[in-house]
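First up is the structure itself, then whatever we jot down about it.
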Amino acid sequence: MAGKLSSMFDARDMTEGSPVSNLIQFSIPLLVGNLAQQLYNTVDSIVVGQYVGDNALAAVGASGPLLNLLLVLFMGVATGAGIMVSQYFGAKDRENLSLTVGNTLTLTLIAGLLMTILGVALTRPFMTMLSTPPDILDMSCDYLIIIFAGMVGCAFYNIVSGILRGLGDSMMPLFFLLLACGLNIVLDLLFVATFHMGVAGVAWATIIAQAISAIFCVLRLIRMRHVLTINGHTLRLHGDLVWRLIKLGLPAGLSQAIFSMAAIVVQSLTNSFGTAVIAANTMVMRVDGFVMMPNFTFGTAMTTFAGQNIGAGKLDRVHRGTKDGVIMALIVSSTLCACILLFGQYLMALFTDTPEVITLGVRMMRILAAGYIAMGLSQTLLGVMRGAGDTMTPMWASVLTTVVIRLPLAYLLAYLTRSEAQPTGSPDSLYISLLVSWLLGAAFSFACYKWGKWSKRAVVQAK
């Protein structure tokens, strides 16, 4: 019994045993952790919506696209590291595993510092460029500047927890995140409800909680001496290894950059609809984050599963695990779709008691509901491709769904629905375009998986 309990908190070898059992045991703590992480932003929005007002809620939401854009500096590092870690772990290559992890830690520090400098410098010019309404501009800038000041902690948590998951350990990052999430909620209420610090209070609460979770993750990684070695040699940057990390991670970073740039352009369209729509959009995106988490979870689980088994030379096992992963993803996403349709109004009421904003939010969620099933399929299949070392296909999927489909369709629908009552068009255009892009993206992902070229992109060879 003690041995089984101990194994839950150690690196998990997913190259042996039942694929569905491996995926379930790995995915459950990962899902809980992803939901807890999403709770960070949601609690921020609930607290500012209830204690400060709809303008503050809109200010937090309007800051999202710029924040996501600058996160691409370490998204690429995280993706490249996760793929290499899982494949070297599957191949039982301790030396290259240690070098990969050590170099990733050094790159994370560099990326975190760069994000802080760029974020603080670009916040006000970007928010002004996005036509952010004057009544929320200052609050949005205050929120973002504080978040960027604590970006090193955010970078280390996200990247190091990704490394731990690549090793098959999804339990310890979960515990560290739950601890930080609880602290974040307490600090949100303390800073906003008691000290009346407004949006600045939720920003400070977030970066303090993220820093604590990052410290625990790094300490956990250092203590895994039976799996890898962290010392001066592994921390020193090695040119060839850094290049491999960048080569693998660059498409993922570009995908995120494309998605974020499109989100910035769409945010500009959203801002043109007024503060009520911005506030409703903020609520929808927070709920969307929770509903999308299972899809991202299965995608991450499949990346680790595929990476370890590709490294071990077990392609047949990858295909079996993919079928199991797709079935689980479709079941969960269908259930969540039904919950949105049944309980959407109650979810929106958590954020505000303004009827107009609640009605807008419910309408938006109902438009998107069916798209979550399509995203369950595409995220699972794209996760398999990333684990195998194919990061180009997910990048093209991002280009197709955001640049080719979603962006022009949103503006086209807004233009076609202009009226005297809605001079900038219908807000529905934002969500109909997103739904269409999700459906077509799922079809593209399925076609690329069946084509099969991803299976020949292994980074390392099994010994």
Accessible-area value, Ser429, 1.4 Å probe, nucleic acids and ligands omitted, Å²: 0 Å²
In Å, what Rg and Dmax follow from the Cα atoms of the stretch 292-414? 17.6, 57
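So what is the diffusion coefficient of the stretch 97-174 in µm² per second by Stokes-Einstein at 4 °C and 1.567 mPa s, using a Kirkwood Rh over Cα pairs?
Details: Rh = 14.3 Å.
Roughly 91 µm²/s, to the nearest whole number.
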So, with a 1.4 angstrom probe, what is the percent of accessible area on the stretch 356-396 that is carbon and sulfur? 62 percent
7 Å from Cα along Cα→Cβ at both Gln345 and Lys450: what's the point-to-point distance in nm? 4.2 nm
Inter-label distance, nm, simple model (7 Å from Cα along the C-beta direction), Arg225/Glu16: 2.5 nm
Sum of side-chain charges, Leu177 neighbourhood, beta-carbon under 14 Å (Lys, Arg +1; Asp, Glu -1): +1
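If you place +1 on the Cβ of every Lys and Arg and -1 on the Cβ of every Asp and Glu, how big does the dipole about the Cα centre of the stretch 156-259 come out, in debye to the nearest 20? Don't skip to the answer; put the middle values down first.
Details: 7 positive and 3 negative charges, 79 e Å.
Dipole size: approximately 380 debye.
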Taking 0.36 nm per intervening residue step and subtracting the Cα-Cα distance, what contour gain separates Leu412 from Leu330 on full extension? 26.4 nm
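Can you list the equivalent-ellipsoid semi-axes of the stretch 116-214, largest first and in whole Å, using the square root of 5 times each Cα gyration tensor eigenvalue?
Working: eigenvalues 157, 67, 16 Å².
After scaling each eigenvalue by five and taking roots: 28, 18, 9 Å.
For the pair Arg236 and Ile28, what calculated FRET efficiency results from E = 1/(1 + (r/R0)^6), where r is the Cβ-Cβ distance and R0 = 60 Å, to the nearest 0.05?
Taking R0 as 60 Å, the efficiency between Ile28 and Arg236 is 0.95.
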Quick one: length gained pulling Ala443 to Arg363 fully straight, 0.36 nm per residue minus the C-alpha distance? 26.2 nm
Any idea how many Lys pairs in the chain come in under 30 angstrom at the alpha carbon, given 8 or more places apart or on separate chains? 28
What whole-number value in cubic angstrom gives the convex hull volume per residue for the C-alpha atoms of the stretch 192-275? 168 Å³
Label model pair Arg320, Val186: point-to-point distance (7 angstrom along the Cα→beta-carbon line) in nm is 4.6 nm
Charged-residue dipole, Cβ positions (Lys, Arg, Asp, Glu), the stretch 267-331 about Cα centre, Debye nearest 20: 180 debye
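With charges set only on the Cβ (+1 for Lys and Arg, -1 for Asp and Glu), what does the dipole of the chain come to about its Cα centre, in debye to the nearest 20?
1680 debye
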Counting C-alpha atoms alone, how compact is the chain: give Rg to one decimal and Dmax as a whole number, in angstrom. 21.5, 70
Given a 1.4 Å probe, how much area per residue of the stretch 153-240 is accessible, in Å²? 40 Å²
Per-residue HN-Hα couplings for the stretch 282-290 [Karplus 6.51, -1.76, 1.60; θ = phi - 60°; Hz; x = Gly/Pro]: 4, 4, 4, 5, 5, 5, 4, x, 5
Bins of 10 Å, beginning at zero and ending with the bin holding the largest distance: percent of Cα pairs per bin for the stretch 211-330, please. 10, 20, 34, 25, 10, 2
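Under 14 Å from the Cβ of Cys141, count the other residues' Cβ atoms, weight Lys and Arg +1, Asp and Glu -1, and hand me the total.
Details: positive: Arg124; negative: Asp135, Asp138, Asp142.
With Lys, Arg at +1 and Asp, Glu at -1, the neighbours total -2.
Compute the normalised compactness of the stretch 22-126: alpha-carbon radius of gyration over 2.2 N^0.38 Å, N being the residue count. List each step's numbers first, then the result.
On the way: Rg = 18.3 Å, N = 105, 2.2 N^0.38 = 12.9 Å.
Working it through for the stretch 22-126, the quotient is 1.42.
What is the calculated FRET efficiency for Thr194 to Glu356, with r their C-beta to C-beta distance and R₀ = 35 Å, to the nearest 0.05? Kindly include the intermediate steps, with their values, before the conclusion.
On the way: r = 30 Å, r/R0 = 0.85.
Between Thr194 and Glu356 the formula returns 0.75.
The values are calculated or read from the model by the stated rules, or taken from the named source; none is laboratory data. Note that the structure is a prediction, hence the values are computed from the model and not measured. Methodologically, a virtual Cβ is constructed for each residue, glycine included, from the backbone with ideal geometry; neighbour enumeration extends over all protein chains shown. Side chains are part of the model used for accessible areas, which takes the heavy atoms of the whole protein and leaves out ligands, DNA and RNA. Shrake-Rupley method; radii C 1.70, N 1.55, O 1.52, S 1.80 Å.
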